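The values are calculated or read from the model by the stated rules, or taken from the named source; none is laboratory data. Remember, predicted model here, so these are calculated numbers, not experimental data. Neighbour counts are summed over all protein chains in view; Cβ atoms, including those assigned to glycine, are modelled from backbone coordinates with ideal geometry. Protein only, heavy atoms only, side chains kept; ligands, DNA and RNA dropped before computing areas. Shrake-Rupley method; radii C 1.70, N 1.55, O 1.52, S 1.80 Å.
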Amino acid sequence: MSDDEREEKELDLTSPEVVTKYKNAAEIINKALQLVLSECKPKAKITNICEKGDAFITEEVFLLCLQTGNTYKNVKKKIERGIFFPTCISVNHFSPLASDETVWKKVIDMGCHIDGFIAVVAHTHVLQEGPVTGRAADVIAAANTAAEVALRLVRPGRKVS
């Protein structure tokens, strides 16, 4: 088997190693999301929340690699792993600088990868007293319905377009 064929096989979802990498990245990012959600409180500083999310991802990936030993070792190339993109919190995808004093808004986006196999999560979180009503509630319900419909359309072999 040539090097090109070996590399192509690595990217095939029929490979248990590839599926394991996706699953591990997904488990880490879902735990990170729960941590970040627990930190979302009135007047919470966005940079503090983002730093906690990023630090959690980095630490969990490091611990996973220590636990799995040779699973993520490849003699031909260095295995890249960790934060796929920094934790972003805002109305419109905002990853703050450390000096930013902006407080919590609404949306969380974050991603993790193991050897380029990516797990990404986005979550809308409303922080207010009482239930969401009116137009804001309608927008949230519409976004949730659209996500559910899109998920039901996902099938093996189906093109994204």
Odd one out for Lys43 among (1) assigned to a helix (DSSP H, G or I); (2) in contact (Cβ under 8 Å) with a residue 40 or more places away in the chain: (1)
Selected residue (criterion: least open to solvent (accessible area, probe 1.4 Å)) from residues of the stretch 33-80 that are basic (Lys, Arg) and at pLDDT 80 or above: Lys45
Cβ-Cβ under 8 Å pairs, at least 6 apart or on other chains, the stretch 135-147 side among the β-branched types (Val, Ile, Thr), far side open to solvent by less than 60 Å² (accessible area, probe 1.4 Å) and not in a helix (DSSP H, G or I): Ile140/Val126; Ile140/Val132
Scan of the stretch 121-161 for residues that are aliphatic (A, V, I, L, M), open to solvent by 80 Å² or more (accessible area, probe 1.4 Å) and within 30 Å of Ala44 (Cα to Cα), ordered by number: Val139
Residue check, Phe62 of a type in the set (Phe, Trp, Tyr) and more than 15 Å from Asp115 (Cα to Cα): no
Number of positions in the stretch 106-120 that are open to solvent by 50 Å² or more (accessible area, probe 1.4 Å) and touching a helix residue (DSSP H, G or I) at 6+ places or on another chain (Cβ under 8 Å): 2
